[in-house]
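This report refers to the structure that appears directly beneath it.
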Amino acid sequence: SGIELALWDAIGKTRGESIATLLGSDTTSVPIYASSVFLEEGPPNWHLEILTPLLQAGVKAAKLRIGVDWQADLKTLAAVRDQLDPSVALMIDGNENFTLETAITVADRLSELGIEWFEEPIPQESPEAIAALCAQSPVPIAYGEHMFGVTEFEMAASTYGVSVLQPDVSTCGGISEAMRIASLAKTPGLRLVPHSAAGPIALAANLHFGAAAGASIVEYPFPLAECWAEIAHSCPLSPSDIIGGCLPLPPGPGLGVEVDL
C-alpha cells in the first residue's frame, strides 16, 4: 500500500497535478467526521468539550469508542447523545472487543440512542459471528480498516452483510485497489466511508481517495493533529483548517504533503 501511494505521489509531482485530479476529481474539499477517543476516558461533559472546536467548524458527525466496560460506556454515551445537538450524528467503534452475544446487546442499545453505525464490534477473524450480527443488528455494521483487497470487501458486503465499507488506502492495497473497492459501494444499501487513523500521508491519501470516489464522509482522527503538525508542519490538516465541516485537500501536486524528515 505504501509503495503504491508513493508511486501516485511521484506521478502527481511529475505532472504537476494532485492525486484527486489524476483520478478525475475536481473536488477541493471533503466532508469529515470527528473520530474521537474511548468513552471511558472521561465524563460526558469532557467528551463534548473536546468535540466543540470541530462542531463549531461545521462538523456534523462524530465517533466515540466503546470498551470492555460497555455497560458504563453506554451510560456515558447516553448522556453525550442527550447533550449533543440532535443534528449531529453519532457513531460507535467497538474495536473488535465483543462476542456475538454482547455485540447484539450493545447494538440494541445503540439503536435506541439513534447511533448511525456500529464499527468492528467482533474480531474480523470470526466471519460467521459477524454475519450473524449483521443479520440481527438494528443498526448498520461497519468494517474495513483491517481488510486488504477488493475480494475481502466483496465478501464483507455480500457474505457477511456489512453495510458500511471503510477502506483505508494506506492498508487496503493503495489508491488503485481502493477505487475498485469504492465501486462496490454503488450497490444500494452500501455506504463508503474511508478510514484513517495514522499519519499525515495516510490522511492526505484518504482525502484524495474520498474526493475521487465520492465518499459521503471521511474519518478525521483529530487527537492526532499535533503529531501531524510535527511530521508535516506545512500541510493544512489541523482542526483550524476545517471549513463548513469539510477539510480542504492538501494543495500542491501528488499527495500535497511534504514530510519533515
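The values are calculated or read from the model by the stated rules, or taken from the named source; none is laboratory data. A quick note: this is a predicted structure, and the numbers were derived from the prediction, not measured. Note that we place each Cβ from the backbone using ideal geometry, even for glycine, and neighbour counts take in every protein chain shown. When the accessible area is computed, the model is the full protein with side chains, heavy atoms only, and any ligands, DNA or RNA have been set aside. Shrake-Rupley method; radii C 1.70, N 1.55, O 1.52, S 1.80 Å.
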Query - Phi to ³J(HN,Hα) by Karplus 6.51 cos²θ - 1.76 cosθ + 1.60 over region 143-160, Hz, x for Gly, Pro - result: 8, x, 5, 9, 9, 10, x, 5, 4, 5, 6, 4, 5, 4, 7, 8, 9, 7
Query raised in the report: Which value, in debye to the nearest 20, gives the size of the charge dipole of region 85-218 about its Cα centre, when Lys and Arg are +1 and Asp and Glu are -1 at the Cβ?
Result: 480 debye
Report summary line: Filtered pair list for the chain (Lys only, Cα < 27 Å, 8 or more apart or interchain) has a length of 4
Query raised in the report: Treating the beta-carbon of each Lys and Arg as +1 and of each Asp and Glu as -1, no other charges, what is the dipole magnitude of region 72-118 about its Cα centre, to the nearest 20 debye?
Result: 120 debye
Requested in this report: Calculate the translational D of region 43-101 in whole µm² s⁻¹ from Stokes-Einstein, where the hydrodynamic radius comes from the Kirkwood formula applied to all Cα pairs, the temperature is 10 °C and the viscosity 1.306 mPa s.
Outcome: 130 µm²/s
**Report entry** Amide proton proximity set for residue 63, modelled H, under 5 Å, gap of 5+
**Finding:** 34, 35, 36, 91
Requested in this report: Select from 77, 113, 247 the residue whose mean-square fluctuation is largest in a Gaussian network model of the chain (Cα-Cα springs shorter than 10 Å).
Outcome: 113
Report task. Enter the accessible area per residue of the chain (Å², integer; probe 1.4 Å; all protein chains in place). Result -> 42 Å²
Query raised in the report: Does region 200-261 classify as rounded, prolate or oblate by the C-alpha gyration tensor (a ≥ b ≥ c root eigenvalues; a/c under 1.5 gives rounded; else a/b over b/c gives prolate, otherwise oblate)?
Result: oblate
Report task. First check a/c for region 150-192, with a ≥ b ≥ c the square roots of the eigenvalues of its C-alpha gyration tensor; if it is under 1.5, answer rounded, and if not, answer prolate when a/b is larger than b/c or oblate otherwise. Result -> prolate
Report task. For region 1-146, just say rounded, prolate or oblate: build the C-alpha gyration tensor, square-root its eigenvalues into a ≥ b ≥ c, call rounded for a/c under 1.5, and beyond that prolate if a/b exceeds b/c, oblate if not. Result -> oblate
Query raised in the report: Between residue 11 and residue 176, what is the label-to-label distance in nm when each label sits 7 Å out along the Cα-to-Cβ direction?
Result: 0.7 nm
Query raised in the report: What are the trypsin sites (Lys or Arg not before Pro) within region 167-241 that DSSP puts in a loop, where the Cβ has at most 11 other Cβ atoms within 10 Å?
Result: 186
Query raised in the report: Nearest-5 percent of antiparallel DSSP beta bridges in the chain?
Result: 15 percent
Requested in this report: Among 218, 80, 162, determine the one that fluctuates most according to a GNM of the chain built with springs between C-alpha atoms less than 10 Å apart.
Outcome: 80
Report summary line: Placing +1 on each Lys and Arg Cβ and -1 on each Asp and Glu Cβ in the chain, then taking the dipole about the Cα centre, the residue among 214, 84, 190 whose Cα reaches farthest towards the positive end is 214
**Report entry** Gap separating the Cα centres of region 78-142 and region 199-223, nearest whole Å
**Finding:** 23 Å
Requested in this report: Just order 140-153, 120-133 by mean Cβ neighbour count inside 10 Å, highest at the front, would you?
Outcome: 140-153, 120-133
Query raised in the report: Using a basic spin-label model with each label point 7 Å from the Cα along Cα→Cβ, how many nm lie between residue 233 and residue 75?
Result: 4.6 nm
Query raised in the report: With the contact rule set at Cα under 8 Å and sequence spacing of 6 or more, what percent relative contact order holds for the chain?
Result: 26 percent
Report summary line: Taking protein heavy atoms only, a 1.4 Å probe, and rounding to whole percent, the accessible area of the chain owed to carbon and sulfur comes out at 54 percent
Query raised in the report: How many nm is it between the label spots at residue 26 and residue 240, if each spot is 7 Å from the Cα in line with the beta carbon?
Result: 3.2 nm
Report task. Could you compute the FRET efficiency for residue 87 and residue 148, with r as their C-beta to C-beta distance and R0 at 35 Å, rounded to 0.05? Result -> 0.45
